[in-house]
Amino acid sequence: QVQLVESGGGLVQTGGSLRLSCAASGRTFSTMAWFRQTPGKEREFVAHIKWSGGSTGYADPVRGRFTISRDNAKNTMYLQMNSLKPEDTAIYYCAARNSPLGSYTYWGQGTQVTVSS
């Protein structure tokens with residue numbers, strides 16, 4: 001049974017940092033990613049990482065402030081978020097897929113990140 005479990009969300013002031021974790025179990029994946037969603041808006045892509053090779057990609061709003069990484073031995077993905085802004089406030093979701101392209105098949109339950117001004 002595949003499970004993705006996020007942790008690390010919380011409340012932080014503008015300019016602060018948080019690190020999110022996503023622990024995967026049940027299998028390994030080709031690509032994992034972080035998405036985020038705020039009420040009334042579509043879920044948006046934040047960053048992705050290829051499990052083999054570790055290549056990464058970022059959405060423009062977070063590039064240079066967020067860093068995605070993974071620990072193959074722990075089958076865990078991370079999102080280091082620095083210089084946080086109020087507009088980063090959202091529920092952050094971990095996602096995974098079995099192929100390099102296509103839709104993300106597996107999703108975590110989400111973790112709330114709130115950035116106060």
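The values are calculated or read from the model by the stated rules, or taken from the named source; none is laboratory data. Here the structure is a predicted model, which means the values were calculated and not measured. Ideal geometry is used to build each Cβ from the backbone, glycine not excepted, and the neighbour counts take in all protein chains shown. To get the accessible areas, we keep the full protein, side chains included, count just its heavy atoms, and leave off ligands, DNA and RNA. Shrake-Rupley method; radii C 1.70, N 1.55, O 1.52, S 1.80 Å.
In whole Hz, with x marking every Gly and Pro, tabulate ³J(HN,Hα) for segment 71-80 from phi via Karplus 6.51 cos²θ - 1.76 cosθ + 1.60, θ = phi - 60°.
Residue by residue, segment 71-80 yields 10, 4, 5, 9, 6, 10, 10, 10, 9, 8 Hz.
Hey, can you find the accessible area per residue of the chain for me, probe 1.4 Å, expressed in square angstrom?
Solvent-accessible surface per residue comes out at 51 Å².
Which value, in debye to the nearest 20, describes the size of the charge dipole of the chain about its Cα centre when Lys and Arg Cβ atoms bear +1, Asp and Glu Cβ atoms bear -1, and nothing else is charged?
Charge dipole of the chain: 220 debye, to the nearest 20.
In debye, nearest 20, what is the charge dipole magnitude of segment 58-117 about its Cα centre with +1 on Lys and Arg Cβ and -1 on Asp and Glu Cβ, if you could check?
Approximately 140 debye in magnitude.
Grab the other residues whose beta carbon is less than 14 angstrom from that of N82, score K and R as +1, D and E as -1, and report the net.
+3
If R₀ is 25 angstrom, what is the calculated FRET efficiency for the pair S55 and N82, using the beta carbon separation as r and rounding to 0.05?
About 0.75, to the nearest 0.05.
Report in % the part of the accessible area of the chain that belongs to carbon and sulfur, leaving out ligands and nucleic acids; probe 1.4 Å.
48 percent
Which three numbers, in whole Å and largest first, are the semi-axes of the equivalent ellipsoid of segment 1-45 derived from its Cα gyration tensor as √(5λ)?
That gives 24, 15, 10 Å for the three semi-axes.
Expressed as a whole number of Å, what is the distance separating the alpha-carbon centroids of segment 86-107 and segment 16-30?
If we compute the Cα centre of each part, the gap is 10 Å.
Mean shadow of segment 44-91, computed from the convex hull of its alpha carbons, in nm²?
The number I arrive at for segment 44-91 is 3.7 nm².
Using a 1.4 angstrom probe on the protein heavy atoms only, line up V2, V62 by accessible area, largest first.
Sorted by accessible area, descending: V2, V62.
What distance in nm separates the two pseudo spin-label positions at S30 and S69, each 7 Å out from Cα along the beta-carbon direction?
2.6 nm
DSSP loop GluC sites (Glu not before Pro) in segment 1-61 with at most 10 other Cβ atoms within 10 Å of their Cβ, which ones?
Sites meeting the loop and neighbour criteria: E42.
Net charge within 14 Å of L18 by Cβ-Cβ distance, Lys/Arg positive one each and Asp/Glu negative one each, not counting L18 itself?
Net charge in that neighbourhood comes out at +2.
What share of Cα pairs, in percent, lie more than 25 angstrom apart in the chain?
15 percent
Quote the charge dipole size of segment 38-79 about the Cα centre in Debye, to the nearest 20; the model charges only the Cβ of Lys and Arg (+1) and of Asp and Glu (-1).
80 debye
Convert 4 °C to kelvin, take the viscosity as 1.567 mPa s, use the Kirkwood radius over C-alpha pairs of segment 74-117 as Rh, and evaluate the Stokes-Einstein diffusion coefficient in µm²/s, rounded to a whole number.
It comes out at roughly 104 µm²/s.
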